[in-house]
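J.: I have a structure here, written as structure tokens, and I will follow up with some questions on it.
Bear in mind these aren't lab numbers, they're just calculated from the coordinates by the rules spelled out. Values in this document were obtained by computation on a predicted structure and should not be read as measured data. Note: ideal-geometry Cβ built from the backbone for every residue, glycine included; neighbour counts use all protein chains shown.
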Amino acid sequence: MSETASQPEVVDSDRVVDAELIVDGVPIRYQRYAPERDVDVVMVHGFSGHGGWWQPTAQLLADTRGIVSVELSGHGDSGHRAEYSMASWAAELTAVISAVSTPGRPPAVIGHSMGGVVSALAVSQLGDRVTQLVMVDSILKAPRKAFGGRWTPPKSPRRYDTLDEAVARFRLMPEEPVHDRAGLQALAVRAAVLVDGAWQWKLDPRIHGTMGAHTPDSFFDRITIPVTIVRGELSSLVDPDVGEYAASLIGRPVKQLDLPGAYHHMMIDQLQPLTAVLRGILDEARTHE
């Protein structure tokens, strides 16, 4: 996949700006928080997510930073492809980073779950065009348990008569306790779209099973910038020694921070603690610039 891209088109204006970038013929959407500032942080959602997963965190961090939240192809309001891979998603992220970055001011990249691995692949190709990588509960080797149990990915979008019905069927994968029901419902509403009189998910079902051959052990040693891993203490997917494993791949120490009481989807139930941890990581990096 090539990385040729058009210049971003701003489609809205406010404290949050919705923008679009064409990457290899497909529109890639992203949101800019505090758009009057240079971009300090680029955030990437996880598998089957969308930009809204990072919205509350981005809004909090945007008090002192310019933030961009990217929606990968097949997710959210970005366009769909005939085929998906980690390489194509990394190329999209690379294109957005290149488009929004200020010369001489490389941003940090924060990715959740699969988005962390996509970010790592992009970072391994970007060199000093980014300043640090933060991987939030990202799977670097086989997960500790199956992702979703007996769940079978649909071959076509499921359709619902009403938005309320769609929202009621929205689930986390893996399933976890949810205390912030309003936050979960907001994610569901943003994930749904009305098509021909019925509601369905914006997610392209073809993303399932087409992740490609890129695994962290094939590129992690090419990352030259600092890497920090934030793991949910109660995560069912990521091993407690993930930092040690990452260090063995990269060939130098990797800082790991475990967030107490957090599951995999920590931006929902642990919004304030997660934001505080991310702010601390970013602030510490600023002091070493």
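J.: Hey, with R₀ at 22 Å, roughly what FRET efficiency would ARG171 and GLU233 work out to, going by the Cβ-Cβ distance, to 0.05?
T.: The computed FRET efficiency comes out at 0.50.
J.: So, one more: What is the local net charge at THR228, summed over the other residues whose Cβ is closer than 11 Å to its Cβ (Lys, Arg +1; Asp, Glu -1)?
T.: Result for the local shell: +1.
J.: Using 0.36 nm per residue of separation minus the Cα-Cα distance, give me the extension gain between LYS255 and GLN272 in nm, one decimal.
T.: Separation in residues times 0.36 nm, less the Cα-Cα distance, equals 4.1 nm.
J.: From the C-alpha coordinates alone, can you work out the Kirkwood hydrodynamic radius of segment 72-132, in Å?
T.: 12.0 Å
J.: Now for a different question. Suppose we take every Cα in the chain and form the convex hull; what volume per residue is that in Å³?
T.: Once divided by residue count, the hull of the chain is 130 Å³.
J.: Spin-label point model (7 Å from Cα, Cβ direction): what's the HIS80 to GLU244 distance in nm?
T.: The two pseudo-label positions are separated by 4.5 nm.
J.: While we're looking at this one, here's another question. Given points 7 Å out from each Cα along the Cα-Cβ axis, report the ARG190 to THR162 separation in nanometres with one decimal.
T.: Roughly 2.5 nm, to one decimal.
J.: Taking amide H positions as placed in the peptide plane 1.01 Å from N, state which residues far from LEU257 in sequence (5 or more) or on other chains have amide H under 5 Å from it.
T.: Counting only residues 5 or more places away or on other chains, the set is ILE229, VAL230, ARG231.
J.: Using the Cα gyration tensor of segment 162-279, with a ≥ b ≥ c the square roots of its eigenvalues, what is the shape: rounded (a/c below 1.5), prolate (a/b larger than b/c) or oblate (neither)?
T.: oblate
J.: Using the Cα centre of the chain as the reference point, and only Cβ charges (+1 on K/R, -1 on D/E), how large is the resulting charge dipole? Debye, rounded to the nearest 20.
T.: 480 debye
J.: Next up: Dipole size in debye (nearest 20) for segment 181-289 around its Cα centre, Lys and Arg Cβ +1, Asp and Glu Cβ -1?
T.: Here the size comes out at about 340 debye.
J.: A follow-up question, please. Taking 7 Å along the Cα-to-C-beta vector as the label spot, tell me the HIS179-ARG15 distance in nanometres, rounded to one decimal.
T.: 2.6 nm
J.: Volume per residue, Å³, of the convex hull around the alpha-carbon atoms of segment 15-169?
T.: Dividing the Cα hull volume of segment 15-169 by its residues yields 140 Å³.
J.: Under 8 Å for C-alpha pairs, at least 6 residues apart: give me the relative contact order for the chain, rounded to a whole percent.
T.: Relative contact order, the chain: 17 percent.
J.: Which whole-number percent is the relative contact order of segment 11-114 (Cα, under 8 Å, 6+ apart)?
T.: 32 percent
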